[in-house]
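> Sharing a structure here in C-alpha cells format.
Coordinate-derived values only; no laboratory data. Treat the numbers as computed from the prediction; the structure is a model and nothing was measured. No Cβ is skipped: glycine too gets one built from the backbone with ideal geometry, and neighbour counts run over all protein chains shown.
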C-alpha cells in the first residue's frame, strides 16, 4: 500500500509529524509543513460532515491530500468517531 | 501622486529630499527634454507589475470562457497549467482570482493573490495524474479505504 512507504520515502520523523497532525489537529495549519485547501471540484467535501480536501506537503517529494470527518459512523446506529481519509499520496517531486 | 516635481539639478542639491519622496511612495522628476520620470520603491514596482500581469490574465481568461469550447494549452500560454480544469473549475478560479485581485489592489499586498494562485497551481498538479484525478473528483466509496497504522521504521 502506498501509505506504508511513507516512512521509507520521507523518513520516520516527517511521517510521524504527518501522523501526529492528522490524528490530533487535521483541520488547522501544521506549524511546520505547508498546507492548503485544494480548489474547485477536487476540494469539495465528499459528503455531509466531511471537510474540504487539504493538501499537506510532507516533504518536497511527498504530498498527501486528505479529508476529515469529526463524527463518522460506519453504520446508522454505530458510535460517531473522528476519521481522516487519505485520498491521494503523490511521491513525485515538483 | 506627489505634488513636488524635481529637476535634474535637484539630484545634487536636494538629493535627500528626492530619496525621501521615493521611499515614501514616489519621487517625480522632470528631465531637461520634458520627460516625466518617477522613482519608487522596488517593492511597489513589483506589486504594480504583478497586479498588471494578473489583471491581464484575468481579462484574457474571461474572454476565452465566453466561447463554447475550452481554451487550448497554446492559447493559454503562461496559464497553460489551467488545462487540467473543466469549465466549472475554471469559472470558480476566475471568481476567486477576481476577489484576490481586488483584495491585493486594495491592500497593496499580493499575499491573497499569491495564496490563490499557489493553491490552484497545486490543485492543477494533483489533477495531472488520472488516478489521483479520479479519486479527487469522484464520489467517496468507503469500501476503497483501509485502516492505516502509525508509521514505524521498517528496519
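> In peptide B:115-128, how many Cβ atoms from other protein chains are near each Cβ within 10 Å, on average? Walk me through the numbers on the way to the answer.
Working: counts 1, 2, 0, 2, 7, 5, 1, 11, 11, 4, 5, 10, 4, 2.
Per residue, the average neighbour count from other chains is 5.
> On full extension of the chain, what length is gained from residue A:2 through residue A:60, given 0.36 nm per residue of separation minus the C-alpha to C-alpha distance? Don't jump to the answer; show the numbers that get you there.
Values: separation 58, 0.36 × 58 = 20.88 nm, distance 1.69 nm.
Stretched out fully, the residue A:2 to residue A:60 stretch lengthens by 19.2 nm.
> Let me ask something else. Mind checking B:129-140 for the average number of partner chain beta-carbons within 10 Å of each residue's beta-carbon?
The mean count of partner-chain Cβ atoms within 10 Å per residue comes to 4.
> Here's a follow-up. Can you tell me the relative contact order of chain A? Whole percent, Cα pairs under 8 Å, sequence separation 6 or more.
Numbers: 145 pairs, mean separation 21.1, N = 94.
Reported relative contact order: 22 percent.
> How much length is gained on full extension from residue B:52 to residue B:149, taking 0.36 nm per residue of separation minus their Cα-Cα distance? Each step should come with its number before you reach the end.
Values: separation 97, 0.36 × 97 = 34.92 nm, distance 4.89 nm.
Full extension from residue B:52 to residue B:149 adds 30.0 nm.
> On to the next question. What percentage of all Cα-Cα pairs in the range B:51-155 are separated by more than 20 Å? It would help to have the intermediate numbers written out before the result.
Details: 2778 of 5460 pairs.
Beyond 20 Å sits 51 percent of the P(r) for the range B:51-155.
> Given R₀ = 35 Å, what would the calculated FRET efficiency be for residue B:111 paired with residue A:13, taking r from the Cβ atoms and rounding to 0.05?
Details: r = 30 Å, r/R0 = 0.85.
Efficiency, from the Cβ-Cβ distance: 0.70.
> Work out, step by step, the length gained on full extension between residue B:65 and residue B:31: first 0.36 nm times the residue separation, then minus their alpha carbon distance; give nm to one decimal. Don't skip to the answer; put the middle values down first.
Numbers: separation 34, 0.36 × 34 = 12.24 nm, distance 4.49 nm.
Contour length minus Cα-Cα distance gives 7.8 nm.
> Same structure, new question: With a cut-off of 8 Å between alpha carbons and a minimum separation of six or more residues, what is the relative contact order of the range B:1-133 in percent? All intermediate terms of the calculation are to be shown ahead of the outcome.
On the way: 114 pairs, mean separation 21.2, N = 133.
Taking the mean separation of contacting Cα pairs over the length of the range B:1-133, I get 16 percent.
> With each pseudo-label sitting 7 Å past Cα toward Cβ, what's the residue B:94-residue B:72 distance in nm, one decimal?
With each label placed 7 Å out from Cα toward Cβ, I get 2.1 nm.
> I've got another one for you. Could you work out how far helix A:12-24 tilts from the main Cα principal axis of chain A, as a 0 to 90 degree angle to the nearest 10?
20 degrees
> Counting only other chains, and only Cβ atoms inside 10 Å, what mean value do you get across the residues of A:10-21? Let's see the in-between values first.
Numbers: counts 1, 2, 5, 1, 1, 4, 3, 1, 1, 5, 1, 0.
Per residue, the number of nearby Cβ atoms from other chains is 2 on average.
> Points 7 angstrom from Cα along the Cβ direction at residue B:43 and residue B:10: gap in nanometres?
With each label point 7 Å from Cα toward Cβ, the separation is 2.4 nm.
> Okay, helix-only estimate at 222 nm for chain B: each DSSP H run of n ≥ 4 adds -39500 (n - 2.57), divide by all residues, round to 500 deg cm²/dmol; what do you get?
Working: 7 runs with 86 residues, N = 155.
Taken over chain B, the calculation gives -17500 deg cm²/dmol.
> Mind giving me the nanometre distance, one decimal, between the label points for residue B:20 and residue A:33, set 7 Å out from Cα along Cα→Cβ?
It works out to 5.2 nm between the two label points.
> Turning to a different aspect of this structure: Treating the angle as unsigned and between 0 and 90°, give the value, to the nearest 10°, between the Cα long axis of helix B:42-64 and the longest Cα principal axis of chain B.
Once rounded, one gets 50 degrees.
> Can you tell me the orientation of helix B:111-127 relative to chain B, as the angle in degrees between its alpha-carbon axis and the longest Cα principal axis, to the nearest 10?
Rounded to the nearest ten degrees, it is 30.
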